[in-house]
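Engineer: Below you'll find the structure I mean.
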Amino acid sequence: MDRKYFTLKEIEGVIVHDIYLKKEVERRAPAFEFLADPKDAADFIGGELIPRPEIRCDWMIKKPLFPGSDVYFLYNRKDDELPASMQVLFAGAAIEDVCGEDLAVMAISVINHLIRHIRNQIRTRICPIFAIGCNALSGGQQ
């Protein structure tokens with residue numbers, strides 16, 4: 001592996017888990033419009049905010065999963081032309097040793113934890129995104 005960042009499809013060579021991950025990330029991306037402080041969110045998950053990402057995005061958070069295996073969350077805020085979007089990339093010397101299904105599930109779990117942080121930060125405000133029916137977003141209550 002010569003490149004630094006990889007999609008799940010590039011690591012695994014199959015698309016099943018990549019499609020699942022992209023679908024679940026797309027469902028959750030709008031919630032991040034309510035994130036006031038990406039640095040605080042990175043600290044909350046035990047990760048770090050990348051100060052000047054090499055890849056164009058509004059912010060990028062790195063979260064170590066295992067020794068030699070990291071996940072990166074890249075976020076672009078919505079604008080006049082495009083909706084909010086998030087991309088999940090993986091990196092590290094040992095990233096190919098982790099099962100693709102495990103990488104997808106762990107990435108989604110971290111995103112859910114970030115959304116819990118957003119929810120805790122804006123608890124006093126009404127936030128319509130939390131009505132989409134995901135237990136992680138609604139705090140376990142439907």
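Please treat every number below as a calculation from the coordinates, not as lab data. Every value quoted in this text rests on a predicted model; they were computed, and no experiment measured them. Heads up, the Cβs are rebuilt from the backbone with ideal geometry, glycines too, and the neighbour counts pull from every protein chain shown.
Engineer: Could you work out the local net charge near Ile15, counting Lys and Arg as +1, Asp and Glu as -1, over the other residues with Cβ closer than 12 Å to its Cβ?
Structural biologist: 0
Engineer: If you don't mind, there's one more thing I want to ask. Taking 7 Å along the Cα-to-C-beta vector as the label spot, tell me the Lys78-Ile19 distance in nanometres, rounded to one decimal.
Structural biologist: 2.7
Engineer: Which length gain, in nm to one decimal place, applies between Arg52 and Ala93 when the Cα-Cα distance is subtracted from 0.36 nm times their residue separation?
Structural biologist: 12.6 nm
Engineer: Pull out the extension gain between Ala36 and Asn120, defined as 0.36 nm times the separation in residues minus the alpha carbon to alpha carbon distance; nm, one decimal.
Structural biologist: Between Ala36 and Asn120, full extension yields an extra 29.1 nm.
Engineer: For Gly68, what is the net charge nearby, where nearby means another residue's Cβ is under 12 Å from its Cβ and Lys, Arg count +1, Asp, Glu -1?
Structural biologist: Around Gly68, the surrounding residues sum to -3.
Engineer: Can you tally the net charge around Ala84? Count Lys and Arg as +1, Asp and Glu as -1, for every other residue whose Cβ sits under 11 Å from the Cβ of Ala84.
Structural biologist: Neighbour charge sum, excluding Ala84 itself: -1.
Engineer: I need the trypsin sites (Lys or Arg not before Pro) found in segment 56-108, filtered to DSSP loop residues with at most 11 other beta carbons within 10 Å of theirs.
Structural biologist: Answer in residue order: Arg56.
Engineer: Here is a follow-up. For segment 1-101, what is the Kirkwood estimate of the hydrodynamic radius, computed as the reciprocal of the mean inverse distance between distinct Cα atoms, to one decimal in Å?
Structural biologist: This gives a value of 14.3 Å.
Engineer: I'd like the Karplus ³J(HN,Hα) series for segment 14-27: coefficients 6.51, -1.76, 1.60, θ = phi - 60°, whole numbers in Hz, and an x wherever there's a Gly or Pro.
Structural biologist: 10, 9, 4, 6, 5, 4, 4, 4, 4, 4, 5, 5, 4, 4
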